[in-house]
Protein chains: 2
Amino acid sequence: MEFRLDEGRAVLQRTPAVLHTLLGDLPDCWTAATEGPGAWSPFDVVGHLIHGERTDWVPRVEHLLRHGTTVPFDTFDRDAMFAASRGLSLHELLATFAALRRENLQRLDALGLTPADLDRRGLHPQLGVVTLRQHLATWIAHDLTHVGQAVRVMARQYAQAVGPWRAFLPQLGKE
Amino acid sequence: MEFRLDEGRAVLQRTPAVLHTLLGDLPDCWTAATEGPGAWSPFDVVGHLIHGERTDWVPRVEHLLRHGTTVPFDTFDRDAMFAASRGLSLHELLATFAALRRENLQRLDALGLTPADLDRRGLHPQLGVVTLRQHLATWIAHDLTHVGQAVRVMARQYAQAVGPWRAFLPQLGKE
């Protein structure tokens, strides 16, 4: 499927509400669960998405439009949320994510990107030359894969509890 | 994690709203997308969950309580939704799923299951003897894996569009 800004935006706009509906007021046994030591909980996923709003998605759009391929993007810190989320409740994180996403979509809309703009190129510190279209498509795919991660982490908490049904649920991981 | 009815119920109760928030009014390019011929779209996933409400989860609870291991459950038809969903809108499916889930949780609550009841055993036509606890845990894990399937199918529509970022997003599948 080709990237289209309106279709992609429709997904981006929903993600905070999807996570709020999935995780809001859910017992901690689900939201703090991980797949093992050092792995991410649904709580950590929300913190990671917040960090992306602050330093990655729209900031990099603006960086690309300003600098093209002359200055690489700043490197993204995948682990920043472990410190940034400390002491905060999931409720606070969900509200912060929703506010930042709303703000960032307004900034995106204000740019009035044209199809020609989507071909503009920037420089990723690891991946090299990328287009604005690829960057924006990644924003959407990234949202979806992290929602998928949150539900996978939750599902796997019952990997033992389902007993013999595990044979029918490969998503719960190997025994 | 051990299965607990109250914790599991908290997930079951949210699933219709999660799918409504994720998919409601989203362009068809997302909700009708699949990972290939014969694979399920998010639309098909909702139909499958409806069929589970009608023939699997609570009906099998009642069957188990009535028959124990003397009569196996009816076999579940994984493909029933292809015919059952034909001609219906996603909006109709989401509303039907929400209504059936609400009703089934009321039926479940009305049973007033005790911890001892959760140890009661039934007979699965393929898996053999299973406990009520395992059956209920599977209901929750099944919800979550299908929400995960819907977002994975959506994310993979941009497997090409993300360009070089695919290297960072293994969830989009191999090239």
### Task
Can you list the distances in nanometres, one decimal and ascending, from the B:THR114 label point to the identical position in each other copy, with the point 7 Å along Cα to Cβ?
7.5
#### Entry: Mean residue ellipticity (222 nm) of chain B, computed from DSSP H runs ≥ 4 via -39,500 (n - 2.57), nearest 500
-19000 deg cm²/dmol
### Summary
Candidates A:LEU94, A:LEU118, A:LEU127; GNM for chain A (alpha-carbon contacts under 10 Å) flags as most fluctuating A:LEU127
### Query
How big is the charge dipole of chain A about its Cα centre, in debye rounded to the nearest 20, if each Lys and Arg gets +1 on its Cβ and each Asp and Glu gets -1 on its Cβ?
220 debye
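Under a 1.4 Å probe, what is the accessible area of region A:37-148 per residue, stated in Å²?
On the way: 4920 Å² over 112 residues.
Heavy-atom accessible area per residue stands at 44 Å².
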### Task
Mind telling me which of B:LEU136, B:LEU12, B:LEU65 comes out most flexible in a GNM of chain B, alpha-carbon contacts under 10 Å?
B:LEU65
#### Entry: Label distances, nm, A:ARG9 versus same residue in remaining copies, Cβ-directed 7 Å point
4.3
### Contact surface A-B: accessible area buried, both sides summed, square angstrom, 1.4 angstrom probe
4500 Å²
### Summary
Rounded to the nearest 10, the angle in degrees between the Cα long axis of helix A:132-156 and the longest principal axis of the Cα atoms of chain A comes to 10 degrees
### Query
Out of every Cα-Cα pair in region A:65-175, what percent are more than 23 Å apart?
52 percent
### Task
On a 0 to 90° scale, report how tilted helix B:57-67 is relative to the longest principal axis of chain B, with both axes built from alpha carbons and the result rounded to the nearest 10.
20 degrees
### Task
Could you sort the residues of region A:117-145 by number and keep only those whose accessible area is reduced by 30 Å² or more in the all-protein-chain setting relative to the chain alone, 1.4 Å probe?
A:LEU127, A:GLN134, A:ALA137, A:THR138, A:ALA141, A:LEU144, A:THR145
### Task
Roll a 1.4 Å probe over the protein heavy atoms and report the accessible area of A:HIS91 in Å², nearest 10.
120 Å²
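Tell me which GluC sites (Glu not before Pro) from region B:23-65 have a DSSP coil assignment and no more than 16 other beta carbons within 10 Å of their own. Spell out each step's value before the answer.
On the way: sites: B:GLU35, B:GLU53, B:GLU62; in loops: B:GLU35.
Counting only loop positions with at most 16 other Cβ atoms within 10 Å, the GluC sites (Glu not before Pro) in region B:23-65 are B:GLU35.
At 4 °C and a viscosity of 1.567 mPa s, what translational diffusion coefficient does Stokes-Einstein give for the protein assembly as shown, taking Rh as the Kirkwood radius over Cα pairs? Give it in µm²/s as a whole number.
Details: Rh = 21.4 Å.
Rounded to a whole number, D works out at 60 µm²/s.
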## Note on the structure
Counting as exposed only trypsin sites (Lys or Arg not before Pro) in DSSP loop states with no more than 10 other Cβ atoms inside 10 Å, the longest exposed-site-free span of chain A is A:87-173
#### Entry: Compactness of region B:89-141 as Cα Rg over 2.2 N^0.38 Å, two decimals
1.42
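The values are calculated or read from the model by the stated rules, or taken from the named source; none is laboratory data. No experiment lies behind these values; they were computed from the predicted model shown. Please note: Cβ atoms are built from the backbone with ideal geometry, for glycine as well, and neighbour counts cover all protein chains shown. Please note that ligands, DNA and RNA were not included when accessible areas were found on the heavy atoms of the full protein model with its side chains. Shrake-Rupley method; radii C 1.70, N 1.55, O 1.52, S 1.80 Å.
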